[in-house]
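Asker: Submitted below is the structure of interest, expressed as structure tokens.
The values are calculated or read from the model by the stated rules, or taken from the named source; none is laboratory data. Note that this is a predicted model, so its numbers are computed, not measured. Virtual Cβ from ideal backbone geometry, glycine too; neighbours counted across all protein chains shown.
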Amino acid sequence: MGRLMGRSVARSSSKPSGPGEQGWQAQKSAATREQILSAAVRCIVDLGYSRTTTMRIAEHAGLSRGATLHHFPSKLDIIRAAVDYLHERRLRAFRKSVQSIPEGADRIKAATDAYWAHATHPIFVAFFELSVAARTDKELRKILQPAQKAFDEEWYEVAKEVFPEWQSDPEAFDLALSLVQHLMEGIAVSSMTHPRSDTHEKLHQYLEDKLRELAPKEIR
């Protein structure tokens with residue numbers, strides 16, 4: 001017993017090794033905010049933007065509405081933070097997928113597959129849902145447009161890292177990226193209302209063929 005008491009005294013008299021009360025509270029607050037943002041994304045995917053409310057987000061997060069509003073005073077505040085959260089996760093997922101392409105692999109096919117995986121992920125579905133809602137929602141559009149611009153710029157830099165040889169022909173490179181983004185995202189949107197078909201497979205193959213035509217000889 002004396003030894004235990006001695007150890008307890010020694011601990012209390014020494015400096016804390018952890019982040020301290022203030023740091024712990026900050027970590028807890030950050031974890032709760034992420035919990036709310038993750039719940040918001042699930043609501044947007046499952047319910048759509050118009051049916052996503054602070055109450056439903058709180059329910060999905062397993063929190064009270066009051067606790068949710070403590071971190072985000074309104075639905076628009078949650079959506080603003082959720083857009084940044086989506087933006088970060090989209091970039092992280094895409095960067096991870098392209099950076100994991102093995103040495104000696106067909107990089108055009110691998111990168112195309114990686115973008116397809118990105119375009120069919122629930123994260124993209126959430127962003128698409130917000131994009132549609134932003135057409136008639138001015139405040140949401142103000143939030144979404146800079147986030148999309150930032151994503152496009154970062155995606156461009158990641159693509160440059162994957163295909164450094166292509167920088168000798170920036171015009172062909174830009175055309176290839178636009179072709180991938182617009183065709184893949186168009187197919188993904190079509191897949192939301194149409195069953196997967198041979199047409200989608202043919203479009204995938206057409207895209208790869210066109211990319212090889214645009215690519216430098218060393219990466220075809």
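Asker: Quick one: which residue in Arg90, Arg42, Arg51 is among the charged types (D, E, K, R), surrounded by fewer than 19 Cβ atoms within 10 Å (Cβ to Cβ) and within 14 Å of the chain's Cα centre (by Cα)?
Answerer: Working: Arg90 fails: surrounded by fewer than 19 Cβ atoms within 10 Å (Cβ to Cβ); Arg51 fails: within 14 Å of the chain's Cα centre (by Cα).
Unique residue meeting the criteria: Arg42.
Asker: Additional query: Which residue is farthest from the chain's Cα centre (by Cα), if the candidates are limited to segment 5-39 and must be of a type in the set (Lys, Arg) and modelled with pLDDT of 80 or more?
Answerer: Going through the qualifying residues, I end up with Lys28.
Asker: What are the pairs, 6+ residues apart or on separate chains, where a residue within segment 102-128 that is over 20 Å from Gln148 (Cβ atoms) and part of a helix (DSSP H, G or I) has its Cβ under 8 Å from a residue that is basic (Lys, Arg) and modelled with pLDDT of 90 or more?
Answerer: Ile108/Arg212
Asker: Is there any pair linking a residue in segment 56-82 that is over 14 Å from Cys43 (Cβ atoms) and without any contact (Cβ under 8 Å) to a residue 12 or more places away in the chain to one that is small (Gly, Ala, Ser) and part of a helix (DSSP H, G or I), with Cβ under 7 Å and at least six apart or on different chains, and which?
Answerer: Between residues of segment 56-82 that are over 14 Å from Cys43 (Cβ atoms) and without any contact (Cβ under 8 Å) to a residue 12 or more places away in the chain and residues that are small (Gly, Ala, Ser) and part of a helix (DSSP H, G or I), the close pairs are Ser64/Ala58.
Asker: Assess whether Ile78 counts as being modelled with pLDDT of 90 or more, buried (at least 18 other Cβ atoms within 10 Å of the Cβ), touching a helix residue (DSSP H, G or I) at 6+ places or on another chain (Cβ under 6 Å) and closer than 17 Å to His182 by Cα.
Answerer: For Ile78, the condition - modelled with pLDDT of 90 or more, buried (at least 18 other Cβ atoms within 10 Å of the Cβ), touching a helix residue (DSSP H, G or I) at 6+ places or on another chain (Cβ under 6 Å) and closer than 17 Å to His182 by Cα - is not met.
Asker: Given the criteria among the basic types (Lys, Arg), at negative phi, touching an Asp or Glu at 6+ places or on another chain (Cβ under 9 Å) and surrounded by fewer than 17 Cβ atoms within 10 Å (Cβ to Cβ), does Lys109 qualify? Lay out the reasoning, then the answer.
Answerer: Numbers: among the basic types (Lys, Arg): yes; at negative phi: yes; touching an Asp or Glu at 6+ places or on another chain (Cβ under 9 Å): yes; surrounded by fewer than 17 Cβ atoms within 10 Å (Cβ to Cβ): yes.
When the stated conditions are applied, Lys109 passes them.
Asker: Scanning for something assigned to a loop (DSSP other than H, G, I, E, B), within 23 Å of the chain's Cα centre (by Cα), touching a residue at least 24 places away in the same chain (Cβ under 8 Å) and crowded, with 18+ Cβ neighbours inside 10 Å, does segment 148-171 turn up at least one residue? Break it down into steps so the answer makes sense when it comes.
Answerer: Step one: filter segment 148-171 for residues assigned to a loop (DSSP other than H, G, I, E, B), giving 163, 169.
Keeping just the survivors that are within 23 Å of the chain's Cα centre (by Cα) gives 163.
Still in the running and touching a residue at least 24 places away in the same chain (Cβ under 8 Å): 163.
Add one more test, that the residue is crowded, with 18+ Cβ neighbours inside 10 Å, and what stays is 163.
Looking for residues that are assigned to a loop (DSSP other than H, G, I, E, B), within 23 Å of the chain's Cα centre (by Cα), touching a residue at least 24 places away in the same chain (Cβ under 8 Å) and crowded, with 18+ Cβ neighbours inside 10 Å, one finds at least one in segment 148-171, hence yes.
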